[in-house]
Amino acid sequence: MQTDFDLFVIGGGINGVGIARDAQGRGLNTALAEMNDLASATSSSSTKLFHGGLRYLEFFEFGLVRKALIEREVLLQAMPHISWPMRFVLPYHRDMRFEGETPTSKLLSLFMPWMKGRRPAWLIRLGLFLYDNLGGRKILPGTKTVDLSTSEEGKPLKDKFKLAYEYSDCWIEDSRLVVLNARDAEQRGATILTQSKVISAERRNGRWLITVLGGDGETVYSAKALVNAGGPWVESIVKTTVRMNTSEGIRLVRGSHIVTKRLYDHDKAYFFQGEDGRIIFSIPYETDFTLIGTTDKEHDDLNRSPLATEEEQEYLCAFATQYFKKPVTRDDIVWTYSGVRPLYDDGAKSATAATRDYVLSLDTNGAPLLSVFGGKITTYRKLAESALSKLVPLIGGKGDWTAGIALPGGDFPVGGVDDLIAQLQADFPFLEERWARRLVRAYGTEAAEILVTAKSREDLGQDFGATLTEAEVNWLMEKEYARSAADVVWRRSKLGLRMTRDQISALDAFMTAA
(Lines give C-alpha, C1' and ligand atoms only; values in the text may rest on other atoms or scores of the structure.)
Protein backbone atom coordinates (compact mmCIF):
# COMPACT_ATOMS: atom_id res chain seq x y z
CA MET A 1 0.00 0.00 0.00
CA GLN A 2 1.25 3.43 -0.94
CA THR A 3 1.88 5.63 2.07
CA ASP A 4 3.63 8.73 0.66
CA PHE A 5 1.48 11.47 -0.89
CA ASP A 6 1.57 15.06 -1.99
CA LEU A 7 -1.71 15.83 -0.24
CA PHE A 8 -3.69 14.10 2.52
CA VAL A 9 -7.32 15.07 3.15
CA ILE A 10 -9.19 14.39 6.41
CA GLY A 11 -12.95 14.12 5.92
CA GLY A 12 -15.18 12.36 3.38
CA GLY A 13 -17.92 14.94 3.08
CA ILE A 14 -18.50 17.05 -0.02
CA ASN A 15 -15.68 19.51 0.69
CA GLY A 16 -13.14 16.76 1.35
CA VAL A 17 -13.92 14.68 -1.74
CA GLY A 18 -14.19 17.81 -3.88
CA ILE A 19 -10.69 18.89 -2.84
CA ALA A 20 -9.31 15.35 -3.33
CA ARG A 21 -10.76 15.11 -6.85
CA ASP A 22 -9.49 18.55 -7.83
CA ALA A 23 -6.01 17.89 -6.41
CA GLN A 24 -5.61 14.49 -8.07
CA GLY A 25 -6.67 15.97 -11.41
CA ARG A 26 -3.88 18.55 -11.07
CA GLY A 27 -1.30 15.78 -10.82
CA LEU A 28 -1.01 15.82 -7.04
CA ASN A 29 -0.84 12.34 -5.54
CA THR A 30 -3.72 12.49 -3.05
CA ALA A 31 -5.20 10.38 -0.26
CA LEU A 32 -8.40 10.90 1.72
CA ALA A 33 -9.49 9.31 5.01
CA GLU A 34 -13.06 9.25 6.32
CA MET A 35 -13.74 7.78 9.76
CA ASN A 36 -17.20 6.49 8.78
CA ASP A 37 -18.99 6.15 5.44
CA LEU A 38 -18.70 8.85 2.82
CA ALA A 39 -21.32 11.58 3.33
CA SER A 40 -22.29 10.02 6.64
CA ALA A 41 -22.83 13.35 8.39
CA THR A 42 -23.70 16.82 7.05
CA SER A 43 -23.37 16.00 3.35
CA SER A 44 -26.24 13.50 3.33
CA SER A 45 -28.52 15.66 5.48
CA SER A 46 -28.99 18.77 3.36
CA THR A 47 -32.20 20.06 1.78
CA LYS A 48 -30.69 18.64 -1.43
CA LEU A 49 -30.57 21.80 -3.50
CA PHE A 50 -28.07 23.52 -5.75
CA HIS A 51 -29.33 27.01 -5.04
CA GLY A 52 -28.08 30.55 -4.85
CA GLY A 53 -29.77 31.13 -1.51
CA LEU A 54 -32.57 33.61 -2.18
CA ARG A 55 -32.94 34.49 1.49
CA TYR A 56 -29.20 35.24 1.82
CA LEU A 57 -29.87 38.45 -0.13
CA GLU A 58 -31.59 39.75 3.02
CA PHE A 59 -28.24 39.48 4.79
CA PHE A 60 -26.51 41.33 1.93
CA GLU A 61 -24.40 38.26 1.04
CA PHE A 62 -24.39 39.24 -2.63
CA GLY A 63 -20.96 37.72 -3.32
CA LEU A 64 -21.98 34.33 -1.95
CA VAL A 65 -25.29 34.38 -3.85
CA ARG A 66 -23.62 35.36 -7.12
CA LYS A 67 -21.00 32.64 -6.74
CA ALA A 68 -23.67 30.02 -6.00
CA LEU A 69 -25.95 31.15 -8.85
CA ILE A 70 -23.13 30.83 -11.37
CA GLU A 71 -22.24 27.40 -10.02
CA ARG A 72 -25.78 25.99 -10.38
CA GLU A 73 -25.49 25.69 -14.14
CA VAL A 74 -21.82 24.64 -14.13
CA LEU A 75 -22.69 21.75 -11.84
CA LEU A 76 -25.93 20.88 -13.63
CA GLN A 77 -24.03 20.23 -16.86
CA ALA A 78 -21.50 17.98 -15.11
CA MET A 79 -24.06 15.74 -13.41
CA PRO A 80 -27.43 15.74 -15.25
CA HIS A 81 -28.29 12.32 -13.83
CA ILE A 82 -28.20 13.31 -10.14
CA SER A 83 -29.13 16.99 -10.57
CA TRP A 84 -31.98 18.61 -12.45
CA PRO A 85 -33.83 21.95 -12.71
CA MET A 86 -36.72 22.55 -10.33
CA ARG A 87 -39.25 25.37 -10.19
CA PHE A 88 -40.06 26.98 -6.84
CA VAL A 89 -43.40 28.67 -6.08
CA LEU A 90 -43.30 31.49 -3.53
CA PRO A 91 -46.89 32.32 -2.42
CA TYR A 92 -47.52 35.90 -1.35
CA HIS A 93 -50.23 37.37 0.87
CA ARG A 94 -50.24 41.03 1.81
CA ASP A 95 -51.37 40.47 5.41
CA MET A 96 -48.47 38.19 6.34
CA ARG A 97 -46.10 39.74 8.86
CA PHE A 98 -42.67 38.61 9.95
CA GLU A 99 -40.64 39.01 13.10
CA GLY A 100 -37.24 37.93 11.83
CA GLU A 101 -34.26 40.21 12.45
CA THR A 102 -32.35 40.58 9.19
CA PRO A 103 -30.50 43.67 7.99
CA THR A 104 -33.30 44.15 5.46
CA SER A 105 -36.10 43.94 8.01
CA LYS A 106 -34.27 46.41 10.27
CA LEU A 107 -33.99 48.91 7.41
CA LEU A 108 -37.67 48.47 6.59
CA SER A 109 -38.71 49.03 10.19
CA LEU A 110 -36.47 52.10 10.40
CA PHE A 111 -37.72 53.85 7.25
CA MET A 112 -41.19 52.26 7.00
CA PRO A 113 -42.22 51.34 10.55
CA TRP A 114 -45.74 50.35 9.45
CA MET A 115 -44.22 47.32 7.70
CA LYS A 116 -43.41 45.67 11.06
CA GLY A 117 -41.03 43.23 9.41
CA ARG A 118 -43.36 42.33 6.55
CA ARG A 119 -41.59 41.58 3.25
CA PRO A 120 -43.51 43.71 0.77
CA ALA A 121 -44.19 42.52 -2.79
CA TRP A 122 -41.74 45.05 -4.28
CA LEU A 123 -38.93 43.70 -2.08
CA ILE A 124 -39.66 40.11 -3.14
CA ARG A 125 -39.71 41.16 -6.80
CA LEU A 126 -36.41 43.00 -6.34
CA GLY A 127 -34.85 39.95 -4.71
CA LEU A 128 -36.04 37.70 -7.54
CA PHE A 129 -34.80 40.18 -10.15
CA LEU A 130 -31.34 40.03 -8.56
CA TYR A 131 -31.63 36.25 -8.33
CA ASP A 132 -32.37 36.03 -12.04
CA ASN A 133 -29.55 38.33 -13.11
CA LEU A 134 -26.64 38.10 -10.65
CA GLY A 135 -25.39 34.75 -11.95
CA GLY A 136 -25.51 35.04 -15.73
CA ARG A 137 -28.32 32.48 -16.02
CA LYS A 138 -28.35 30.62 -19.39
CA ILE A 139 -30.14 27.27 -18.93
CA LEU A 140 -32.65 27.86 -16.15
CA PRO A 141 -35.85 29.81 -16.91
CA GLY A 142 -36.44 33.10 -15.12
CA THR A 143 -39.06 34.30 -12.65
CA LYS A 144 -42.72 34.61 -13.53
CA THR A 145 -45.91 35.37 -11.62
CA VAL A 146 -48.54 32.69 -11.02
CA ASP A 147 -52.29 33.15 -10.55
CA LEU A 148 -52.94 30.67 -7.74
CA SER A 149 -56.71 30.97 -8.08
CA THR A 150 -56.63 29.19 -11.46
CA SER A 151 -53.35 27.25 -11.57
CA GLU A 152 -52.42 23.72 -10.57
CA GLU A 153 -49.93 25.16 -8.08
CA GLY A 154 -52.72 26.90 -6.18
CA LYS A 155 -54.93 23.84 -5.63
CA PRO A 156 -53.16 22.50 -2.51
CA LEU A 157 -52.93 25.98 -0.94
CA LYS A 158 -55.40 27.92 1.18
CA ASP A 159 -57.75 30.13 -0.81
CA LYS A 160 -56.32 33.36 0.64
CA PHE A 161 -53.19 32.87 -1.47
CA LYS A 162 -53.98 34.39 -4.86
CA LEU A 163 -50.55 35.38 -6.15
CA ALA A 164 -47.18 33.62 -6.29
CA TYR A 165 -43.76 34.16 -7.81
CA GLU A 166 -42.12 31.20 -9.53
CA TYR A 167 -38.34 30.95 -9.95
CA SER A 168 -35.66 28.35 -10.70
CA ASP A 169 -33.12 26.40 -8.67
CA CYS A 170 -31.79 22.83 -8.95
CA TRP A 171 -32.25 19.54 -7.11
CA ILE A 172 -29.18 17.47 -6.20
CA GLU A 173 -28.81 13.98 -4.78
CA ASP A 174 -26.35 15.11 -2.12
CA SER A 175 -24.85 11.85 -0.88
CA ARG A 176 -24.48 10.52 -4.44
CA LEU A 177 -22.66 13.74 -5.32
CA VAL A 178 -20.12 12.92 -2.61
CA VAL A 179 -19.66 9.30 -3.71
CA LEU A 180 -19.24 10.23 -7.38
CA ASN A 181 -16.60 12.84 -6.56
CA ALA A 182 -14.73 10.20 -4.54
CA ARG A 183 -15.03 7.68 -7.39
CA ASP A 184 -13.75 10.19 -9.91
CA ALA A 185 -10.83 11.04 -7.66
CA GLU A 186 -9.97 7.36 -7.29
CA GLN A 187 -10.28 6.71 -11.03
CA ARG A 188 -7.73 9.48 -11.55
CA GLY A 189 -5.35 7.80 -9.09
CA ALA A 190 -6.33 9.00 -5.61
CA THR A 191 -6.47 6.71 -2.58
CA ILE A 192 -9.85 6.76 -0.79
CA LEU A 193 -9.92 5.27 2.72
CA THR A 194 -13.33 4.83 4.36
CA GLN A 195 -13.96 3.56 7.90
CA SER A 196 -10.48 4.97 8.61
CA LYS A 197 -10.01 7.53 11.37
CA VAL A 198 -7.05 9.90 11.55
CA ILE A 199 -5.97 9.66 15.17
CA SER A 200 -2.93 11.93 15.00
CA ALA A 201 -1.00 14.17 12.62
CA GLU A 202 2.35 15.80 13.27
CA ARG A 203 4.92 17.78 11.32
CA ARG A 204 8.30 16.15 10.94
CA ASN A 205 11.20 17.07 8.63
CA GLY A 206 9.04 19.33 6.47
CA ARG A 207 6.24 16.78 5.96
CA TRP A 208 3.13 15.55 7.71
CA LEU A 209 3.05 12.14 9.37
CA ILE A 210 -0.57 11.02 9.63
CA THR A 211 -1.59 8.01 11.71
CA VAL A 212 -4.79 6.35 10.53
CA LEU A 213 -6.75 3.65 12.37
CA GLY A 214 -8.58 1.36 9.96
CA GLY A 215 -9.75 -2.23 9.70
CA ASP A 216 -6.17 -3.49 9.46
CA GLY A 217 -4.93 -1.53 12.44
CA GLU A 218 -2.77 1.60 12.43
CA THR A 219 -1.00 2.85 9.30
CA VAL A 220 1.26 5.89 9.09
CA TYR A 221 1.06 8.01 5.95
CA SER A 222 3.32 10.87 4.85
CA ALA A 223 2.28 13.97 2.90
CA LYS A 224 3.63 17.33 1.83
CA ALA A 225 0.42 19.07 2.91
CA LEU A 226 -2.65 18.28 5.02
CA VAL A 227 -6.24 19.41 4.45
CA ASN A 228 -8.63 19.40 7.38
CA ALA A 229 -12.12 19.09 5.86
CA GLY A 230 -13.66 17.56 8.97
CA GLY A 231 -16.95 19.46 8.73
CA PRO A 232 -18.48 19.59 12.22
CA TRP A 233 -15.21 18.17 13.58
CA VAL A 234 -12.90 20.69 11.87
CA GLU A 235 -12.16 22.66 15.05
CA SER A 236 -11.69 19.49 17.08
CA ILE A 237 -9.23 18.12 14.52
CA VAL A 238 -7.12 21.27 14.75
CA LYS A 239 -7.03 21.21 18.54
CA THR A 240 -6.89 17.49 19.38
CA THR A 241 -5.64 15.62 16.29
CA VAL A 242 -3.11 18.15 15.02
CA ARG A 243 -2.70 19.71 18.48
CA MET A 244 -2.58 23.34 17.41
CA ASN A 245 -4.23 26.49 18.68
CA THR A 246 -6.69 28.37 16.50
CA SER A 247 -8.69 31.57 16.92
CA GLU A 248 -11.18 30.46 14.26
CA GLY A 249 -14.21 28.38 15.11
CA ILE A 250 -17.47 27.03 13.86
CA ARG A 251 -21.06 27.34 14.90
CA LEU A 252 -22.89 24.01 14.97
CA VAL A 253 -26.42 24.41 13.65
CA ARG A 254 -28.87 21.53 13.43
CA GLY A 255 -31.09 21.41 10.37
CA SER A 256 -33.98 18.95 10.60
CA HIS A 257 -36.32 17.74 7.87
CA ILE A 258 -39.49 15.68 7.72
CA VAL A 259 -40.61 13.45 4.87
CA THR A 260 -44.37 13.03 4.54
CA LYS A 261 -46.78 11.22 2.31
CA ARG A 262 -47.12 13.08 -0.98
CA LEU A 263 -49.01 16.31 -0.33
CA TYR A 264 -49.75 17.42 -3.91
CA ASP A 265 -49.65 16.11 -7.48
CA HIS A 266 -47.45 18.52 -9.43
CA ASP A 267 -43.64 18.44 -9.60
CA LYS A 268 -42.85 21.94 -8.35
CA ALA A 269 -41.53 22.93 -4.93
CA TYR A 270 -42.83 25.64 -2.60
CA PHE A 271 -40.90 28.36 -0.80
CA PHE A 272 -42.86 29.26 2.35
CA GLN A 273 -42.28 32.32 4.56
CA GLY A 274 -43.06 32.07 8.25
CA GLU A 275 -44.32 34.62 10.73
CA ASP A 276 -40.98 34.29 12.56
CA GLY A 277 -39.10 35.52 9.49
CA ARG A 278 -37.74 32.06 8.62
CA ILE A 279 -38.42 30.10 5.45
CA ILE A 280 -38.95 26.43 4.67
CA PHE A 281 -39.21 24.42 1.47
CA SER A 282 -41.81 21.83 0.51
CA ILE A 283 -40.33 19.66 -2.24
CA PRO A 284 -41.53 16.63 -4.26
CA TYR A 285 -39.39 13.72 -3.01
CA GLU A 286 -38.69 10.23 -4.32
CA THR A 287 -41.90 10.27 -6.44
CA ASP A 288 -44.32 9.32 -3.65
CA PHE A 289 -43.31 11.69 -0.86
CA THR A 290 -42.85 15.34 0.11
CA LEU A 291 -39.75 16.76 1.82
CA ILE A 292 -40.25 19.67 4.24
CA GLY A 293 -37.44 21.58 5.90
CA THR A 294 -35.36 22.93 7.37
CA THR A 295 -34.98 24.17 10.93
CA ASP A 296 -32.06 26.17 12.37
CA LYS A 297 -31.25 25.13 15.93
CA GLU A 298 -28.01 25.46 17.84
CA HIS A 299 -26.36 22.05 18.38
CA ASP A 300 -23.65 22.29 21.01
CA ASP A 301 -22.62 18.65 21.50
CA LEU A 302 -21.05 16.59 18.71
CA ASN A 303 -21.34 13.48 20.87
CA ARG A 304 -25.11 13.81 20.61
CA SER A 305 -26.44 12.52 17.27
CA PRO A 306 -28.61 15.10 15.50
CA LEU A 307 -32.26 14.08 15.51
CA ALA A 308 -35.42 15.86 14.40
CA THR A 309 -36.95 16.53 17.81
CA GLU A 310 -40.68 16.40 18.46
CA GLU A 311 -40.60 20.18 18.79
CA GLU A 312 -38.96 20.57 15.37
CA GLN A 313 -41.38 18.14 13.76
CA GLU A 314 -44.33 20.05 15.20
CA TYR A 315 -42.77 23.32 14.05
CA LEU A 316 -42.40 22.12 10.45
CA CYS A 317 -45.92 20.67 10.39
CA ALA A 318 -47.42 23.90 11.77
CA PHE A 319 -45.35 26.00 9.36
CA ALA A 320 -46.58 24.04 6.33
CA THR A 321 -50.15 24.07 7.64
CA GLN A 322 -50.15 27.88 7.41
CA TYR A 323 -50.17 27.35 3.63
CA PHE A 324 -51.76 23.99 2.78
CA LYS A 325 -55.53 23.56 2.85
CA LYS A 326 -55.19 20.13 4.40
CA PRO A 327 -53.31 20.36 7.73
CA VAL A 328 -49.94 18.60 7.87
CA THR A 329 -49.66 16.52 11.03
CA ARG A 330 -47.10 14.20 12.54
CA ASP A 331 -49.28 11.30 11.40
CA ASP A 332 -48.27 12.22 7.84
CA ILE A 333 -44.55 11.83 8.61
CA VAL A 334 -42.91 8.67 7.25
CA TRP A 335 -39.27 9.57 7.98
CA THR A 336 -37.15 12.33 9.47
CA TYR A 337 -33.50 13.22 9.18
CA SER A 338 -31.27 15.84 10.72
CA GLY A 339 -27.72 17.06 10.18
CA VAL A 340 -25.30 19.45 11.80
CA ARG A 341 -24.13 22.30 9.59
CA PRO A 342 -20.66 23.57 10.55
CA LEU A 343 -21.10 27.29 9.87
CA TYR A 344 -18.15 29.63 10.18
CA ASP A 345 -18.54 31.53 13.46
CA ASP A 346 -18.83 35.13 12.34
CA GLY A 347 -20.40 36.33 15.57
CA ALA A 348 -23.97 36.52 14.24
CA LYS A 349 -26.67 36.75 16.90
CA SER A 350 -28.74 33.85 15.56
CA ALA A 351 -28.15 30.59 13.70
CA THR A 352 -30.33 31.84 10.85
CA ALA A 353 -28.17 34.95 10.41
CA ALA A 354 -24.81 33.09 10.49
CA THR A 355 -22.97 33.19 7.18
CA ARG A 356 -23.19 30.22 4.79
CA ASP A 357 -19.93 31.21 3.08
CA TYR A 358 -16.67 29.41 3.74
CA VAL A 359 -13.30 30.43 5.19
CA LEU A 360 -10.06 28.65 4.28
CA SER A 361 -7.39 28.95 6.96
CA LEU A 362 -3.84 28.20 5.84
CA ASP A 363 -1.06 27.56 8.36
CA THR A 364 2.45 27.49 6.86
CA ASN A 365 4.44 27.24 10.07
CA GLY A 366 6.05 24.09 8.70
CA ALA A 367 4.35 21.67 6.30
CA PRO A 368 1.14 23.38 5.07
CA LEU A 369 -2.16 22.79 6.90
CA LEU A 370 -5.38 24.02 5.28
CA SER A 371 -8.54 23.97 7.41
CA VAL A 372 -11.99 24.39 5.88
CA PHE A 373 -14.54 26.30 7.95
CA GLY A 374 -18.14 26.43 6.76
CA GLY A 375 -19.35 26.25 3.18
CA LYS A 376 -22.46 25.06 1.36
CA ILE A 377 -23.02 22.22 -1.06
CA THR A 378 -23.61 24.49 -4.08
CA THR A 379 -20.16 26.04 -3.86
CA TYR A 380 -18.15 22.90 -3.08
CA ARG A 381 -16.34 22.94 -6.44
CA LYS A 382 -15.37 26.61 -6.10
CA LEU A 383 -14.25 25.92 -2.53
CA ALA A 384 -11.99 23.15 -3.85
CA GLU A 385 -10.52 25.49 -6.47
CA SER A 386 -9.89 28.13 -3.81
CA ALA A 387 -8.23 25.54 -1.57
CA LEU A 388 -5.92 24.40 -4.35
CA SER A 389 -5.08 27.99 -5.31
CA LYS A 390 -3.57 28.30 -1.82
CA LEU A 391 -1.78 24.94 -1.90
CA VAL A 392 -0.42 24.71 -5.46
CA PRO A 393 2.18 27.49 -4.97
CA LEU A 394 3.47 25.52 -1.97
CA ILE A 395 3.41 21.89 -3.20
CA GLY A 396 3.04 22.14 -6.99
CA GLY A 397 0.24 21.06 -9.30
CA LYS A 398 -1.52 22.17 -12.48
CA GLY A 399 -4.24 24.79 -12.95
CA ASP A 400 -8.03 24.75 -12.56
CA TRP A 401 -9.76 21.99 -14.56
CA THR A 402 -13.04 20.83 -13.00
CA ALA A 403 -15.55 23.27 -14.56
CA GLY A 404 -17.83 21.32 -16.89
CA ILE A 405 -16.03 17.99 -16.45
CA ALA A 406 -18.63 15.26 -15.98
CA LEU A 407 -18.80 13.07 -12.92
CA PRO A 408 -19.09 9.30 -13.49
CA GLY A 409 -22.30 8.56 -15.38
CA GLY A 410 -22.93 12.22 -16.19
CA ASP A 411 -21.56 12.24 -19.74
CA PHE A 412 -24.83 13.10 -21.50
CA PRO A 413 -26.69 16.37 -22.19
CA VAL A 414 -28.85 18.25 -19.69
CA GLY A 415 -32.39 17.18 -20.50
CA GLY A 416 -31.26 13.81 -21.86
CA VAL A 417 -32.58 11.64 -19.02
CA ASP A 418 -35.73 10.46 -20.82
CA ASP A 419 -33.72 9.36 -23.85
CA LEU A 420 -31.34 7.47 -21.60
CA ILE A 421 -34.24 5.75 -19.85
CA ALA A 422 -35.80 4.74 -23.17
CA GLN A 423 -32.48 3.31 -24.35
CA LEU A 424 -32.01 1.37 -21.10
CA GLN A 425 -35.49 -0.17 -21.40
CA ALA A 426 -34.84 -1.05 -25.06
CA ASP A 427 -31.60 -2.82 -24.09
CA PHE A 428 -33.16 -4.49 -21.01
CA PRO A 429 -36.89 -5.02 -21.79
CA PHE A 430 -37.64 -6.54 -18.37
CA LEU A 431 -37.15 -3.14 -16.68
CA GLU A 432 -40.32 -1.29 -15.70
CA GLU A 433 -40.22 2.47 -16.38
CA ARG A 434 -39.93 3.41 -12.69
CA TRP A 435 -37.08 0.94 -12.18
CA ALA A 436 -35.24 2.21 -15.25
CA ARG A 437 -35.75 5.81 -14.15
CA ARG A 438 -34.33 5.10 -10.69
CA LEU A 439 -31.23 3.48 -12.19
CA VAL A 440 -30.61 6.31 -14.66
CA ARG A 441 -31.15 8.96 -11.98
CA ALA A 442 -28.58 7.22 -9.78
CA TYR A 443 -26.00 5.94 -12.27
CA GLY A 444 -26.60 7.78 -15.55
CA THR A 445 -24.75 6.20 -18.46
CA GLU A 446 -23.24 3.61 -16.08
CA ALA A 447 -26.64 2.01 -15.36
CA ALA A 448 -26.16 -0.43 -18.25
CA GLU A 449 -22.82 -1.55 -16.76
CA ILE A 450 -24.65 -2.74 -13.64
CA LEU A 451 -27.10 -4.81 -15.65
CA VAL A 452 -24.35 -6.11 -17.99
CA THR A 453 -25.85 -8.95 -20.09
CA ALA A 454 -28.94 -9.70 -17.99
CA LYS A 455 -31.89 -11.03 -20.01
CA SER A 456 -34.30 -11.20 -17.09
CA ARG A 457 -34.77 -10.00 -13.54
CA GLU A 458 -33.54 -13.37 -12.27
CA ASP A 459 -30.17 -12.84 -13.99
CA LEU A 460 -29.48 -9.98 -11.54
CA GLY A 461 -29.27 -12.33 -8.56
CA GLN A 462 -30.94 -12.00 -5.18
CA ASP A 463 -33.90 -9.61 -5.03
CA PHE A 464 -33.80 -7.50 -1.85
CA GLY A 465 -37.04 -5.65 -2.63
CA ALA A 466 -37.90 -2.23 -4.08
CA THR A 467 -35.98 -3.13 -7.31
CA LEU A 468 -32.69 -3.52 -5.42
CA THR A 469 -30.85 -6.59 -6.73
CA GLU A 470 -27.64 -8.44 -5.98
CA ALA A 471 -26.01 -7.03 -9.13
CA GLU A 472 -26.59 -3.47 -7.98
CA VAL A 473 -25.42 -4.20 -4.42
CA ASN A 474 -22.23 -5.77 -5.76
CA TRP A 475 -21.62 -2.62 -7.83
CA LEU A 476 -22.11 -0.43 -4.76
CA MET A 477 -19.72 -2.54 -2.70
CA GLU A 478 -17.05 -2.81 -5.38
CA LYS A 479 -17.15 0.70 -6.83
CA GLU A 480 -18.96 2.98 -4.37
CA TYR A 481 -17.44 2.06 -0.98
CA ALA A 482 -20.69 0.68 0.52
CA ARG A 483 -20.10 -1.52 3.56
CA SER A 484 -23.52 -1.85 5.22
CA ALA A 485 -27.21 -1.82 4.41
CA ALA A 486 -27.49 1.73 5.78
CA ASP A 487 -24.85 2.86 3.28
CA VAL A 488 -26.99 1.44 0.47
CA VAL A 489 -30.58 2.28 1.47
CA TRP A 490 -30.05 5.71 3.07
CA ARG A 491 -27.02 7.23 1.32
CA ARG A 492 -26.40 5.54 -2.07
CA SER A 493 -30.20 5.55 -2.46
CA LYS A 494 -33.33 6.27 -0.45
CA LEU A 495 -34.76 2.78 -0.89
CA GLY A 496 -35.11 2.56 2.88
CA LEU A 497 -38.39 4.45 2.38
CA ARG A 498 -39.74 1.46 0.46
CA MET A 499 -38.08 -1.56 2.05
CA THR A 500 -39.22 -3.47 5.14
CA ARG A 501 -37.03 -4.07 8.17
CA ASP A 502 -36.72 -7.74 7.21
CA GLN A 503 -35.55 -6.82 3.71
CA ILE A 504 -32.95 -4.41 5.08
CA SER A 505 -31.77 -7.06 7.57
CA ALA A 506 -31.40 -9.57 4.72
CA LEU A 507 -29.35 -7.01 2.79
CA ASP A 508 -27.12 -6.41 5.80
CA ALA A 509 -26.54 -10.15 6.20
CA PHE A 510 -25.65 -10.48 2.51
CA MET A 511 -23.16 -7.60 2.66
CA THR A 512 -21.57 -8.87 5.88
CA ALA A 513 -21.04 -12.31 4.33
CA ALA A 514 -19.70 -10.96 1.03
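Given axes a ≥ b ≥ c from the Cα gyration tensor, I'd like to know whether the range 402-447 is rounded (a/c under 1.5), prolate (a/b larger than b/c) or oblate.
prolate
Sort the following peptides by mean Cβ neighbour count (other Cβ atoms within 10 Å, averaged over residues), highest first: 277-288, 172-183.
Put in order of decreasing packing, that is 172-183, 277-288.
Given a cut-off of 43 Å, what percent of all Cα-Cα pairs of the chain lie beyond it?
Within the chain, distances greater than 43 Å cover 16 percent of Cα pairs.
If I model a spin label at Glu298 and Arg457 as a point 7 Å from the Cα along the Cα→Cβ vector, what separation in nanometres do I get?
Taking the simple label geometry, Glu298 and Arg457 are separated by 5.3 nm.
Amide H of Leu163: which non-local residues (sequence gap of 5 or more, or other chain) have their own amide H closer than 5 Å, using H built in the peptide plane?
Residues meeting the criterion, in which the H sits 1.01 Å from N, are Tyr92, Leu148.
Tell me the volume per residue, in Å³, of the convex hull enclosing the alpha carbons of the range 402-496.
105
Please give me the summed charge of the neighbours of Thr240: other residues whose Cβ is under 13 Å from its Cβ, Lys and Arg +1, Asp and Glu -1.
Here the count lands on +1.
Order these peptides, 293-299, 417-423, 429-435, by their mean beta-carbon neighbour count within 10 angstrom, highest first.
Highest mean packing first, the order is 293-299, 417-423, 429-435.
Return the sequence-ordered ³J(HN,Hα) values of the range 221-237 in whole Hz as given by the Karplus equation 6.51 cos²θ - 1.76 cosθ + 1.60 applied to θ = phi - 60°, using x for Gly and Pro.
10, 10, 8, 5, 9, 10, 10, 9, 10, x, x, x, 9, 4, 5, 5, 5
Of all the accessible heavy-atom surface of the chain, with the other protein chains kept in place and a 1.4 Å probe, what percent is carbon and sulfur?
Carbon with sulfur: 50 percent of the solvent-accessible area.
What ranking do 76-86, 190-200, 330-340 get when scored by the average of other Cβ atoms within 10 Å per residue, highest first?
Averaged packing, sorted descending, gives the order 76-86, 190-200, 330-340.
Under a point spin-label approximation (7 Å from Cα along Cα-to-Cβ), what is the Glu470-Val334 distance to one decimal in nm?
2.9
Rolling a 1.4 angstrom probe over the protein heavy atoms, how many square angstrom per residue are accessible across the range 357-432?
Roughly 41 Å² per residue, with all protein chains present.
Can you give me the relative contact order of the chain as a percent, contacts being Cα pairs under 8 Å and 6 or more apart?
RCO, the chain: 20 percent.
Using 7 Å Cα-to-Cβ label points, what is the Thr246/Thr150 separation (nm, one decimal)?
Going from the Thr246 label point to the Thr150 one covers 5.6 nm.
Can you check what the Kirkwood hydrodynamic radius comes to for the range 150-206, Cα pairs only, in Å to one decimal?
17.2
If the limit is 19 Å between Cα atoms, which of Lys326/Lys494; Lys224/Lys398; Lys197/Lys239; Lys48/Lys325; Lys67/Lys376; Lys48/Lys160 go over it?
With Cα atoms farther than 19 Å apart: Lys326/Lys494; Lys48/Lys325; Lys48/Lys160.
Over the range 241-332, give the accessible area per residue in Å² for a 1.4 Å probe, as an integer.
Here the residues of the range 241-332 average 45 Å² of exposed surface.
What is the range 269-370's relative contact order, in percent, from Cα pairs under 8 angstrom and six or more apart in sequence?
Averaging sequence separation for qualifying contacts and normalising by length gives 17 percent for the range 269-370.
The values are calculated or read from the model by the stated rules, or taken from the named source; none is laboratory data. Keep in mind that what you see is a predicted model, and the values were worked out from it rather than measured. A quick note on method: Cβ atoms are made from the backbone with ideal geometry, for glycine too, and the neighbour counts reach across all protein chains shown. Note: accessible area is taken over every heavy atom of the protein model, side chains too, but ligands, DNA and RNA are not part of it. Shrake-Rupley method; radii C 1.70, N 1.55, O 1.52, S 1.80 Å.
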